[in-house]
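The values are calculated or read from the model by the stated rules, or taken from the named source; none is laboratory data. These numbers were taken from a predicted model, which means no experiment stands behind them. Don't worry about glycine lacking a Cβ; one is built from the backbone with ideal geometry, like all the others, and counts go over all protein chains shown.
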Amino acid sequence: MLFQPLLEEIVATLRPELGRAGQVASYIPALARVPAAQLGIALRTCDGEEAHAGDSMTPFSIQSISKLFTLTLGMRELGDALWEHIGREPSGSAFNSLVQLESEHGLPRNPFINAGAIAVTDRLVSACDAKAEILTLLSDLCGEPVYFDEEVAASEAATGFRNVALANFMKSFGRLDNDVGTVLDAYFHDCSIRMSCLQLARATGYLCRDGAHPYTGMQVLTERQARRVNALMLTCGTYDAAGEFAFRIGLPCKSGVGGGIVAVVPDRLTLCVWSPALEPSGNSLLGTKALEMFTARTGLSIF
Ligand code: GLN
């Protein structure tokens, strides 16, 4: 199947809506300055076909999409022992919510909400050079060097009061082994990573190939681990909107407040959309519409 004309059509159809609705994330000052009127889409198939349209090569802040890669590193470092530190249920509340942590004794519901990613990051800080490892993994997966955006990381560190609260709260339950400042420094840097849609479509390739590296074929994760990441993306990857995403799109997805969303069609392809203006749930408004158009037009869904 040739995807290039379809991606161009999706961008052309949605372009008139750019800047009309949704809000760029403003609680991180460095993100509030990103121009809203941008839209990109890119995909890479298991056979190596690539297609991309719109602002598909513009780097953006991957934000919570990084939680996919911290989870991947955590699964590799700890194996099944990771699940002693983190749950696997949808939270049904906002990605930065504190409410469940109190009644659930500081155990985060899943690795894709902030509390969960902070808990995984704590394990990585204990096990390896967490900040170096994620850049090495991503640069290797997409075949190009990937960097932190120090301005965004500093902006988050200066205003990330909820994340500081989440980390301290978990620490009070004995759930974090390391110094809160060290763990949050790694977490904020992970969120600040800049990548384009095309780089993310390439880098996530192991998730549609049973864990095999998109270029070398080496196992990034085992087949079982890759299947589990996809299951968690479907149930928890878009926060409180995961049910709506399954209903409208029907693919495992992971979003970030930078406006990016990655999606997996198992055994076929990975794709990434980006448009900075968000819905109240924290997911990209036009990115969601672009994914919906893609699955409606191609019939590619896991259902
Ligand atoms: N860096 C953001 C935060 O911690 C990530 C949230 C997101 O992308 N949903 O609040």
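If I filter the stretch 183-200 for residues that are touching a Gly at 6+ places or on another chain (Cβ under 6 Å) and either within 18 Å of LYS67 (Cα to Cα) or hydrophobic (A, V, I, L, M, F, W, C) (or both), do I get at least one hit?
So the first thing to find is which residues in the stretch 183-200 are touching a Gly at 6+ places or on another chain (Cβ under 6 Å), and the list is 197.
Okay, now just the ones that are also either within 18 Å of LYS67 (Cα to Cα) or hydrophobic (A, V, I, L, M, F, W, C) (or both), so 197.
For the stretch 183-200, residues touching a Gly at 6+ places or on another chain (Cβ under 6 Å) and either within 18 Å of LYS67 (Cα to Cα) or hydrophobic (A, V, I, L, M, F, W, C) (or both): present.
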Applying the selection to the stretch 258-286, what residues are crowded, with 24+ Cβ neighbours inside 10 Å, in contact (Cβ under 8 Å) with a residue 60 or more places away in the chain and not in a strand (DSSP E or B)? GLY258, GLY259, SER275, PRO276, LEU286
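Taking ARG44 as the residue in question, decide whether it is more than 16 Å from the ligand (Cβ to nearest atom) and closer than 26 Å to PHE148 by Cβ. Please lay out each step first, then the result.
Working: more than 16 Å from the ligand (Cβ to nearest atom): yes; closer than 26 Å to PHE148 by Cβ: yes.
Considered against the rule, which asks whether it is more than 16 Å from the ligand (Cβ to nearest atom) and closer than 26 Å to PHE148 by Cβ, ARG44 comes out as yes.
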Residues being touching a Cys at 6+ places or on another chain (Cβ under 7 Å) and among the polar types (S, T, N, Q): count how many of those fall in the stretch 235-286. 2
Pair list, Cβ < 7 Å and 6+ apart or interchain, from the stretch 51-66 residues that are part of a strand (DSSP E or B) to residues that are of a type in the set (D, E, K, R): ALA53/GLU8; PHE60/ARG194; SER61/ASP149; SER61/ARG194
One residue from ALA203, ALA231, ALA186 being assigned to a helix (DSSP H, G or I), over 24 Å from LYS131 (Cβ atoms) and at pLDDT 95 or above: ALA231
Subset tally (residues that are touching a helix residue (DSSP H, G or I) at 6+ places or on another chain (Cβ under 8 Å), more than 19 Å from THR70 (Cα to Cα) and within 14 Å of the ligand (Cβ to nearest atom)) for the stretch 161-177: 1
Scan the stretch 160-188 for residues that are hydroxyl-bearing (Ser, Thr, Tyr) and either touching an Asp or Glu at 6+ places or on another chain (Cβ under 8 Å) or surrounded by fewer than 18 Cβ atoms within 10 Å (Cβ to Cβ) (or both) and jot them down. SER172, THR182
Given the options VAL229, VAL257, name the one that is farther than 20 Å from ASP55 by Cα and within 12 Å of the chain's Cα centre (by Cα). VAL229
Which residues, counting only those in the stretch 205-244, are surrounded by 22 or more Cβ atoms within 10 Å (Cβ to Cβ) and within 16 Å of the ligand (Cβ to nearest atom)? LEU232, MET233, CYS236, GLY237, THR238, TYR239, ALA242
Among the helices (runs of 4 or more DSSP H) confined wholly to the stretch 68-178, which include 3 or more residues that are at pLDDT 95 or above and under 27 Å from MET57 (Cα atoms)? 130-142, 150-159
